[in-house]
2 protein chains.
Amino acid sequence: MDVPIILIVALIAGIISIAMAFYFRYLVLKEDPGNEKMQEVAGYIEEGAKTYIKIQYKILGIFVLGLFLIILFVLPSQINSGSFNWEQAIAYLIGAIGSMVAGWLGMYVGVKANTRAAQGCTISTKKGFDIAFFGGSVMGLAVVGVALIGVSVLYWIFKEPTVILGFSFGASTIALFMKCGGGIFTKTADVGADLVGKAEYDLPEDDPRNPATIADNVGDMVGDIAGMGSDLFDSYVASILASMMLAAAFSIGTVVFPFGSITLSEAGRNILVILPIVLCGVGLMASLIGIYLIKLRGSNEPGKALNTGTYLATLIYFGLSALLTFLLTLSEPSLTSEEVDLLWRIWGTSAIGLIAGIIVGFTSDYFTRDDKKPVQNIANAAKEGHAVVILSGFSYGLLSVVPAAIGIIFAMIVAFWLAGVFGVAMAAVGMLSIVGTIVSNDAYGPIVDNARGIAEQGDLGDEVIRTADRLDSAGNTAKAITKGFAIAAANLTVFALLFSFTQEAGVFTIDLLNINVLVGAFIGVIIPALFSALLILAVQKNAAKMVDEIRRQFEENPKILTGEEPADFSRTIDIATKGSLKELILPSIISITIPIAVGIIFGVAALGAFLAGAILSGFVFAVMMSNSGGAWDNAKKWIEDGNLGGKGTDVHKASITGDTVGDPFKDTAGPSINTLLVVMSLTASIFMGLMLLPIFNLGAGLLVL
Amino acid sequence: MDVPIILIVALIAGIISIAMAFYFRYLVLKEDPGNEKMQEVAGYIEEGAKTYIKIQYKILGIFVLGLFLIILFVLPSQINSGSFNWEQAIAYLIGAIGSMVAGWLGMYVGVKANTRAAQGCTISTKKGFDIAFFGGSVMGLAVVGVALIGVSVLYWIFKEPTVILGFSFGASTIALFMKCGGGIFTKTADVGADLVGKAEYDLPEDDPRNPATIADNVGDMVGDIAGMGSDLFDSYVASILASMMLAAAFSIGTVVFPFGSITLSEAGRNILVILPIVLCGVGLMASLIGIYLIKLRGSNEPGKALNTGTYLATLIYFGLSALLTFLLTLSEPSLTSEEVDLLWRIWGTSAIGLIAGIIVGFTSDYFTRDDKKPVQNIANAAKEGHAVVILSGFSYGLLSVVPAAIGIIFAMIVAFWLAGVFGVAMAAVGMLSIVGTIVSNDAYGPIVDNARGIAEQGDLGDEVIRTADRLDSAGNTAKAITKGFAIAAANLTVFALLFSFTQEAGVFTIDLLNINVLVGAFIGVIIPALFSALLILAVQKNAAKMVDEIRRQFEENPKILTGEEPADFSRTIDIATKGSLKELILPSIISITIPIAVGIIFGVAALGAFLAGAILSGFVFAVMMSNSGGAWDNAKKWIEDGNLGGKGTDVHKASITGDTVGDPFKDTAGPSINTLLVVMSLTASIFMGLMLLPIFNLGAGLLVL
């Protein structure tokens, strides 16, 4: 298969992205890190984050090595039948290392940017915003750059999408550990700090006397920057890969689409295969322009600037990708008019995907904004006590699933109508094309959250803390939209992976009236419930340990509470680190072994149904948990702003209960489901060769009914 | 089609059942209703329950009439094509009226048995137990009797299972109103009473000064007796019907089963068609013996007696149904050995179904018993405050889905292996065969719950209240198992309905790789989430009104709190009545219109996927909500028994929050999902004729992709 030259668009975009990431890193590092106290606090955070990442990367190293060997020796080669599967295994290794490097880079700048952003707030809001935003952009640009370069180069060398499957699986296994582990870490610290500090000792948020404050800040870095970055890295690569595999499966000659059949030339097919990468390159350029525009406007209203940046990147993507499609049709005169028509249809699918992402983002925004009905009703429910605020937030979270689902279903139907299942996959690519902007906006949040804490602990005064607060609240506004976006993107991506999996496995129907398939779907539907339960219990268990440790420190050394002596931060960080790494083992094993077991026992069609069931129920759980968590959080903040009696009242206390329940919902279980779904889908594809072995009835499963 | 004479077994069993119900009613009514105060309180409860039922039946009358006319005039006749569909319409009317009569009968005795059981407790535990258990058995026997007589007679007259579809749909529409309405009513009162009475004024449970106490008792009657009875009536009839339809669809001659193909004679097929009814007749006899044995043993340990009764009824069913199968093969010498083998296989499916029901019941029992790990961990989580107890209970609820699902999956696989999809339907029939025992045990609960309240309000002294408490706690033990049973039974039943629906609709594959089908499944998966959200919000909204009313009464008339003047019970009952009837309209409309809309827009195959998606996600939600609700309830009770500091501590307060969140989970949303699923499945079957009209592309849907 010949590789068209336009692939170079993506490669160049990737290189620019990495270059910009390093330039932004330079811009951040050259800023003033603030006074001694601030540097000390930031030093604790940096050290904690690095310790955590080092331990995690060590465990990951063993895990990755194990999977590398399995892929190399157990699975058949994708290129030369009979030889070892070294291409996919190496791609796996590169994907894993790439994700780890991107995460490390993003986090390394994050822990430098926090104190500098705090110091920037002493100069101006704009200064603080710029530093935090540049810091966040490093993560966004690193993710996109590493992904695009990895995918382009691997495709250039091997010319075979299934090899890149290894790259994607590598990214996914890292994401699973980073997201679940980071999620458990951050909420162990956060919930623990709140339960004792706020509820028992009445300490304010980020109070330096609270022994879990630093752990909380470290959690923001490892969970919200590195974890979230690896999560979107994962979806991004997987969506590109699923589309490439579906395109590569098109036969040259007559191809049937829902709108009719067309005749596909080899040149046309080759363009379709690399189109996902190229469109992502275009999306990256749109993101870069968006980032530039955000910086330009960020001076006045940081919150609006972040969202406007997302919308602008969307519009720029529409324009640039249309221009690219037009140039492509010009530069390849051999394309028939049918093929040109198809390219425009695909442009449409990517646009509709991006629009659906925005719709789902808007839904999350509506259900979690304090000036809309849901949050206000939840806040009012707090007047009736702890239980009623929980019932209310849980119900609104469930309700929010409906409009989000309508957005996804709408995109699926239109994309399918435009270009079949390949269209659905390209809708996922379109949605993720501006992931650079999304990750940048999201990584901005934990940096300013940290900055606020450092300003508090560095005694920068009320004025500066208020400025930092303003930046922080802008981060929260952006977060709702990016979270909805991430769920929608993961959802469409896993649908695309499901289609490419079934195509590769030679499964042409997944018939729910077949008992094995129905059982597969049944098992799939319960997995997100089990997975969420394990993660929430992990947070609960670790937070209880954290509570005991904080109480112990206060009791054994009363000078901590008076502020005369510093708390022992290393102990709390240690509890969060060890607890989170221990608790992610079982969920990780489940996400890899259950799909393989279902495929082997019930067959590959049942595995398809398993994935479909998990995707659908996972969507319900992810949206519900993220949105009810966000809504509880903002209901509490709205009350803290002085509504319904404000701080210290019983209403406020009830709202804190809602917020605490929402913490592991929105920051541990909810977002981890995205990664779970991608990992399970990729596991199905990677280990398909195993399931098709004759001893497993060539994919029909051991239990043939 | 000739009707075999053995149908008479079912008819006789049904008549015996009704006769026994009236005999038990007589036994209850002849008992001493207690002192004047008790009779007054019981009078309030009776009046409140009757008022509620009257208003509800009026609304139901209009609704039933409307659906009767639609079935009669809009849908095509199932027997004489071209004529009006009067057979199904009349069956619908009979089903609706039958369910209403059974509900009325059960509730009428319930409101008489409560005060008599309280009075019985002054004599002995045994006396109190007997009265309450006879009272509950009236509901159980009425349900089974009316169902069996209705189904047998309709089949005798029309010899066509699809006509009985009307009967089942009638029972279902009533169940939807009774279950949702009753569920909202009972929790509006319960939550409202707890929030103000317990939390603000420190009044004990069932305190007569609390204006919502009577409404709470009325709620037990309308929600837990009439609502739950109609729910199981609904599943019972639907499981019989689905099996009959699947059997009637067997062609005479070669029929293919998973174990091989057999040659079916007309006599053999006719036996298969009525076998579900006959086995249910046998199950009823097993239940009657079980009820007799419970009465015999109830004297010593009421809690154990109830569960032992369930197990004994199960064993007796195994024996009796084997005997019947044996006699059947003797009495029909024309049956071939293949057909005899099939009958034994079907006996096996009904046995495995019943075993699965027990497994799921055990699961619920394990996750909600205070001497097991989950409840104790949840209680311990209350030490960390309101939020942590919620997180813990929610997680255990999610975890409990896994073993319950394994039970169902196990039954499905074995039943399918024994006799195909007909086997799965017969597993549902087997599970529901002893529904008489299940409903009796369940209806016992609200009666003793009421009795405890009446003993408190009738000043019967601590000794009697303790006796009533013991009976009450026996009811709670039995409740966990019957709830698990009800969910498992509804789940298998709706699978059976799904199979019979697709067979009738001529849908032979439900292919998830078809985009319309996938969208159907997507919509199906979100419906239980939406439905739960609406019901929980309804409870929350109404409970807030109830809270306002209670506060108003206490503020306007301080003599209520001192006990000098009675509270105004009619106002609180009125709020619960009006609120619940208003709030059930939207969920009811959704459950009937959405399946029809999906069928018309996306086609009948998509509707099949819609049902499958709703069944699977509904199972997760129903199990999670029921079990986390039950676990919170018992964690609270365990603390109230003096553990972890006992009543009045912060731990206790946190556990009350768990219990209050659990109330609408376990008694409103969770159990209503069963009914939702049955109604949606039957709606699909009933309105299939409409979807197959040419303007809707003969069932392929308007949106052909």
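The values are calculated or read from the model by the stated rules, or taken from the named source; none is laboratory data. Here the structure is a predicted model, which is why all the values come from computation and not from measurement. As a convention, Cβ positions derive from the backbone with ideal geometry for all residues, glycine included, and neighbour counts pool all protein chains shown. Ligands, DNA and RNA are stripped out before the accessible areas are found, and what is left, the full protein with its side chains, is counted by its heavy atoms. Shrake-Rupley method; radii C 1.70, N 1.55, O 1.52, S 1.80 Å.
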Test A:Lys666 against the stated conditions and say whether it is more than 12 Å from chain B (Cβ to nearest Cβ), touching a residue at least 60 places away in the same chain (Cβ under 8 Å) and open to solvent by 10 Å² or more (accessible area, probe 1.4 Å).
yes
Within segment A:445-459, which residues are open to solvent by 10 Å² or more (accessible area, probe 1.4 Å) and modelled with pLDDT under 90?
A:Glu456, A:Asp459
Can you find a residue that is farther than 30 Å from A:Phe134 by Cβ, surrounded by fewer than 17 Cβ atoms within 10 Å (Cβ to Cβ) and touching a residue at least 12 places away in the same chain (Cβ under 8 Å) anywhere in segment A:53-64?
yes
In segment B:669-679, the residues that are at pLDDT 95 or above and either within 8 Å of chain A (Cβ to nearest Cβ) or in contact with an Asp or Glu (Cβ under 9 Å, 6 or more places away or on another chain) (or both):
B:Val678, B:Val679
Which of the residues belonging to segment B:488-508 are open to solvent by less than 10 Å² (accessible area, probe 1.4 Å) and more than 11 Å from every other protein chain (Cβ to nearest Cβ)?
B:Ala488, B:Ala489, B:Ala490, B:Leu492, B:Thr493, B:Val494, B:Ala496, B:Leu497, B:Ser500
Residues that are over 30 Å from A:Gly135 (Cβ atoms) and at pLDDT 90 or above: does segment A:298-316 have at least one?
no
If only one of B:Glu338, B:Glu332 is more than 14 Å from chain A (Cβ to nearest Cβ) and touching a strand residue (DSSP E or B) at 6+ places or on another chain (Cβ under 6 Å), which one is it?
B:Glu338
Is it the case that some residue within segment A:572-581 is open to solvent by 10 Å² or more (accessible area, probe 1.4 Å), farther than 23 Å from A:Val623 by Cβ and not in a helix (DSSP H, G or I)?
no
Answer yes or no as to whether B:Ala428 is under 26 Å from B:Phe501 (Cβ atoms), at the interface with chain A (Cβ under 7 Å from one of its Cβ atoms) and touching a residue at least 60 places away in the same chain (Cβ under 8 Å).
no
Hey, can you tell me all the residues within segment B:514-529 that are within 17 Å of B:Asp667 (Cα to Cα) and facing chain A (nearest Cβ under 7 Å)?
B:Ala529
Selection over segment B:616-663 where residues are among the acidic types (Asp, Glu), part of a helix (DSSP H, G or I) and either open to solvent by less than 10 Å² (accessible area, probe 1.4 Å) or within 15 Å of B:Asn476 (Cβ to Cβ) (or both) yields a count of 4
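Here is a yes/no grid of residues against (1) in a strand (DSSP E or B); (2) within 16 Å of B:Ser350 (Cβ to Cβ); (3) basic (Lys, Arg); (4) open to solvent by 10 Å² or more (accessible area, probe 1.4 Å):
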residue	(1), (2), (3), (4)
B:Gly229	no, no, no, no
B:Leu232	no, no, no, no
B:Leu246	no, yes, no, no
B:Phe250	no, no, no, yes
B:Thr263	yes, no, no, yes
Top-ranked residue in segment A:378-417 [being touching a Leu at 6+ places or on another chain (Cβ under 9 Å) and more than 7 Å from chain B (Cβ to nearest Cβ); ranked as most open to solvent (accessible area, probe 1.4 Å)]
A:Lys383
So is A:Ile481 at negative phi, within 13 Å of another protein chain (Cβ to nearest Cβ) and either surrounded by 24 or more Cβ atoms within 10 Å (Cβ to Cβ) or of a type outside the set (Phe, Trp, Tyr) (or both) or not?
no
With β-branched (Val, Ile, Thr) and modelled with pLDDT of 95 or more as the only criterion, which of A:Ile355, A:Ile390, A:Ile359 stands out?
A:Ile390
Go through segment B:328-338 and give me each residue that's in contact (Cβ under 8 Å) with a residue 60 or more places away in the chain, in a helix (DSSP H, G or I) and open to solvent by 10 Å² or more (accessible area, probe 1.4 Å).
B:Ser331, B:Glu338
Give the residue that is most open to solvent (accessible area, probe 1.4 Å), with candidates limited to residues of segment B:183-199 that are of a type outside the set (A, V, I, L, M) and either within 14 Å of chain A (Cβ to nearest Cβ) or within 12 Å of the chain's Cα centre (by Cα) (or both).
B:Lys198
Tally of residues being surrounded by fewer than 24 Cβ atoms within 10 Å (Cβ to Cβ) and either of a type outside the set (A, V, I, L, M) or more than 7 Å from chain B (Cβ to nearest Cβ) (or both) across segment A:530-545
3
Any hit, segment B:461-474, residues being modelled with pLDDT under 90, among the charged types (D, E, K, R), outside any helix (DSSP H, G or I) and open to solvent by 10 Å² or more (accessible area, probe 1.4 Å)
no
State yes or no: is B:Asp511 within 7 Å of chain A (Cβ to nearest Cβ), open to solvent by 10 Å² or more (accessible area, probe 1.4 Å) and acidic (Asp, Glu)?
yes
Please find, among A:Gly436, A:Gly453, A:Gly430, A:Gly484, the residue that is assigned to a helix (DSSP H, G or I), closer than 17 Å to A:Thr186 by Cα and of a type in the set (Gly, Ala, Ser).
A:Gly453
Only one residue in A:Ile594, A:Ile601, A:Ile589 is modelled with pLDDT under 95 and open to solvent by 40 Å² or more (accessible area, probe 1.4 Å), so which one is that?
A:Ile589
